[in-house]
Amino acid sequence: MAHRRVIAYDSTLRDGAQAQGVSFSVEDKLKVVQRLDQLGIGYIEAGNPGSNPKDLEFFARVGELHLQHAKIIAFGSTRRIGITATEDKNLQSLLSANTTAVAIFGKSWDYQVTDILRTTLDENLAMIADTIAYLKAQGKEVVFDAEHFYDGYQANADYAMQTLQVAVDAGADVLALCDTNGGTFPNEVFSITQTVVSRFPAVQIGIHCHNDCEMAVANSVAAVQAGAIQVQGTINGIGERCGNANLVSIIPNVQLKLGLACISESQLSELTAAARFVSEVANVAFNDKAPYVGQDAFAHKGGMHIDAVNKNPKSYEHINPGMVGNERHILVSEVAGRGAILRKLQQIDPSLTKESQAAVNILEQLKALEHEGYQFENAESSFDLLMQKLLGKFKPFFSLKQYHVNIYEPSADGLNSSVTIHVSVNGQETSATAQGDGPVNALDKAMRKSLQPFYPAIDEIKLVDYKVRVLDSNLATAAKVRVLIESTDQQSNWTTIGVSSDIIQASWLALKDAIEYKLSQSRTSP
């Protein structure tokens, strides 16, 4: 098993596009293809050219890309009932995509054939055989997706295996076994997959799982352990209903836990960035709790845990975070203790010790700020800036002179606020005015407008999330609020914080930190 290579087959642009709230433009699809190719994905299933004009345009343009690793796959179904494959317009559309490989799904559950397709079991077998034979005659590599295979096998094993046999006899290169309803358990997937692998030793066996019982990753890994060498899934598990098997978890599980080759080590180290990139393009909130790549995957808060991790990361980490492009996060809070702060301080000044006065002072400052309403465990970027400032290591990129906010109601074209801001950059004063949908939006635009000529890197910053929490609601409209802002440059995400009884002031503090953190990371100066 150690020498076996597992092929990652991505269907984000087809299965993932069926998720609620997800819609990829042609440009989106092309960007995702290039990023997945860089990640070392073997196959990218990109849509059905017969289903809509958008996919037709995509297939016309994707051929212009110079891919290094991935094969583009066009997706379609077996021929329609009662006609020949040459007469089927959908198959002609499939061929028009001009891909070297195609995926064809066909029924392998007798119930689906008789009650959903409303045809005979023999006609279904003929549809599979005719379609695959026709596509092979056109010189295509063919992946046969045996839809509902595991349900079909448990209902009528003989017929389910017949569908695979006719596909193989017709020349199918891969048999992808589908847990379409997502209701099968890992032990069942392992046993059935092992049977198929033994029955068809000369054909590649694949696995395609849905996550309706939250078993998709476990089922995919079980299939690989049973001998499957192709794993189908989506980035971050996006897909219809509860989603598809998550390739972002499957790839490191297969490679780091089972010891099987899938992508290169350098490509694996890009996994976190790729997962975040696809999430951004799909406009889906990234799951910070995601295994391997989530912001919290290697986050430690409890003092005893932090102390143990500092002594030996293996105590509470199952892999080195850098292997998947992630990093350890020591969360700063009143329960973390001086040891947690020391680790962060030593990144700025390695000479500091737990007994250093600076460490003591910063811990006291932290407790005072948390008493005021700050919570740095969710805003480490603001804390990083605070430490640099308290240690005298921070050189300001700009300073605020004044901002002025005007709010107009009723609004005009959705813009009800304007902000004029005056800042100083290295002694040079500058100002800008911007309108926005609300005062915070206008403040953000005005700040960017005033600073962009000095710091072009600001253009890379995008606001991902904006949260407001009222801290002392008993004070009603005079209550303090905590504002958390999550930002991204599509390479990494960072969160900053502001606290004030004035929501605009709290927002300004968080926005200011967001920009200063980006500039400090890119080491930019005017």
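Amide H neighbours of H300 under 5 Å, counting only residues 5+ apart in sequence or on other chains, H built in-plane at 1.01 Å?
H329, I330, L331
Just to check I understand the Karplus step: with θ = phi - 60° and J = 6.51 cos²θ - 1.76 cosθ + 1.60, what whole-Hz values come out for the stretch 445-458, glycine and proline as x?
Per residue, the Karplus-derived 3J(HN,Hα) values read 5, 5, 5, 4, 4, 6, 9, 4, x, 8, 10, x, 4, 4 Hz.
Among L177, G259, W494, pick out the residue whose Cα is farthest towards the positive end of the charge dipole of the chain, where Lys and Arg carry +1 and Asp and Glu carry -1 on C-beta, about the Cα centre.
Selected residue: W494.
Against the longest principal axis of the chain, how steep is helix 357-372, in degrees 0 to 90 to the nearest 10, with axes from Cα atoms?
80
Tally up the carbon and sulfur contribution to the accessible surface of the chain as a whole percent, 1.4 Å probe, everything protein left in place. Display every interim value, and only then the final one.
Details: 11050 of 23080 Å².
Carbon and sulfur atoms account for 48 percent of the accessible area of the chain.
For A157 and D502, calculate 0.36 nm times their separation in residues minus their Cα-Cα distance, and state this gained length in nm to one decimal. Could you put the intermediate results ahead of the total?
Working: separation 345, 0.36 × 345 = 124.20 nm, distance 6.71 nm.
Going from the current span to full extension adds 117.5 nm.
Calculate, in nm to one decimal, what A261 and K54 gain on full extension: separation in residues at 0.36 nm each, minus their alpha carbon distance.
In short, 71.0 nm is gained.
Of Q194, A285, Q295, whose Cα points farthest to the positive end of the dipole of the chain (charges on the beta-carbon: +1 Lys, Arg; -1 Asp, Glu; origin at the Cα centre)?
So the residue furthest toward the plus end is Q295.
Pick out, from T114, Q346, S418, the residue whose Cα sits farthest towards the positive end of the charge dipole of the chain, with +1 on the Cβ of Lys and Arg and -1 on the Cβ of Asp and Glu.
Q346
Where does helix 216-225 land angle-wise versus the long Cα axis of the chain, in degrees 0 to 90, nearest 10?
The two axes meet at around 60 degrees.
Exactly which trypsin sites (Lys or Arg not before Pro) in the stretch 104-159 are in a DSSP loop and have at most 16 other Cβ atoms within 10 Å?
Values: sites: K107, R118, K136, K140; in loops: R118, K140.
When the trypsin sites (Lys or Arg not before Pro) of the stretch 104-159 are filtered for loop state and at most 16 Cβ neighbours within 10 Å, R118 remain.
With contacts defined as alpha carbon pairs under 8 Å and 6 or more residues apart, what's the relative contact order of the chain in percent?
Rounded, it is 10 percent for the chain.
Among DSSP bridges having both ends in the chain, what percentage is antiparallel? Round to the nearest 5.
Once the DSSP bridges in the chain are tallied, antiparallel ones form about 50 percent.
Within the stretch 378-394, find all residues whose amide N lies under 13 Å from a label point positioned 7 Å from the Cα of K354 along Cα-to-beta-carbon.
So the set is empty, nothing qualifies.
May I have the pair-distance distribution P(r) for the chain, computed from all Cα-Cα distances with 20 Å bins from 0 and rounded to whole percent?
Going out from 0 Å in 20 Å bins, the chain shows 20, 44, 28, 9, 0 percent.
Roughly how big is the stretch 119-159's charge dipole about its Cα centre, with Cβ charges of +1 (Lys, Arg) and -1 (Asp, Glu), in debye to the nearest 20?
I would put it at about 220 debye.
At 7 Å along the Cα-to-beta-carbon direction for both E27 and T430, put a label point, then send me their distance in nm to one decimal.
Reported label-point gap for E27 and T430 is 2.6 nm.
Could you sort 76-86, 357-367, 392-402 so that the peptide with the highest average Cβ count within 10 Å comes first and the rest follow in order?
76-86, 357-367, 392-402
Could you pull out every residue, at least 5 positions away or on a different chain, whose amide H is within less than 5 Å of the one on K71? Hs are placed 1.01 Å off N in the peptide plane, and Pro or chain starts have none.
Those qualifying (amide H under 5 Å, at least 5 residues apart or on another chain) are Y43, I44.
Taking 0.36 nm per residue of sequence separation and subtracting the Cα-Cα distance, how much length would be gained by fully extending the chain between Q347 and A202, in nm to one decimal?
In short, 46.8 nm is gained.
Arrange the residues L471, L13 by how much accessible surface each exposes, largest first, with a 1.4 angstrom probe.
Highest to lowest solvent-accessible surface, that is L471, L13.
Just to confirm the number: angle between the C-alpha axis of helix 26-39 and the first principal axis of the chain, 0 to 90 degrees, nearest 10?
Approximately 90 degrees, to the nearest ten.
Which part of the stretch 195-214 falls in the paramagnetic zone of F185, meaning amide N under 16 Å from the point 7 Å along Cα-to-beta-carbon?
Only 212-214 pass the distance filter.
For the stretch 1-149, what does the relative contact order come out to in percent, with C-alpha contacts under 8 Å and a separation of six or more?
20
What is the spin-label model distance, in nm, from Q365 to T120 if the labels are put 7 Å beyond Cα along the C-beta direction?
According to this spin-label approximation, the distance is 8.3 nm.
What is the sum of charges around F394, taking Lys and Arg as +1, Asp and Glu as -1, for the other residues whose C-beta is under 10 Å from the C-beta of F394?
Around F394, the charge tally is +1.
Before I look further, what does the stretch 137-217 give for accessible area per residue, probe 1.4 Å, in whole square angstrom?
Heavy-atom accessible area per residue stands at 37 Å².
Each residue of the stretch 153-161 in order: what ³J(HN,Hα) in whole Hz does its phi give by Karplus 6.51 cos²θ - 1.76 cosθ + 1.60, θ = phi - 60°, with x for Gly and Pro?
5, 6, 8, 7, 4, 4, 5, 4, 6
With +1 on the Cβ of every Lys and Arg and -1 on the Cβ of every Asp and Glu, and nothing else charged, how large is the dipole of the chain about its Cα centre, in debye rounded to the nearest 20?
Dipole of the chain, to the nearest 20 debye: 1360 debye.
So if I place +1 on the C-beta of Lys and Arg and -1 on the C-beta of Asp and Glu, and nothing else carries charge, what would the dipole magnitude of the stretch 94-181 be about its Cα centre? I want it in debye, nearest 20.
Working: 4 positive and 13 negative charges, 57 e Å.
Computed about the Cα centre, the dipole is about 280 debye.
The values are calculated or read from the model by the stated rules, or taken from the named source; none is laboratory data. Everything quoted here is computed from the prediction, not taken from an experiment. Backbone-built Cβ (ideal geometry, glycine too); neighbour counts: all protein chains shown. Note: areas computed on protein heavy atoms with side chains; ligands, DNA, RNA excluded. Shrake-Rupley method; radii C 1.70, N 1.55, O 1.52, S 1.80 Å.
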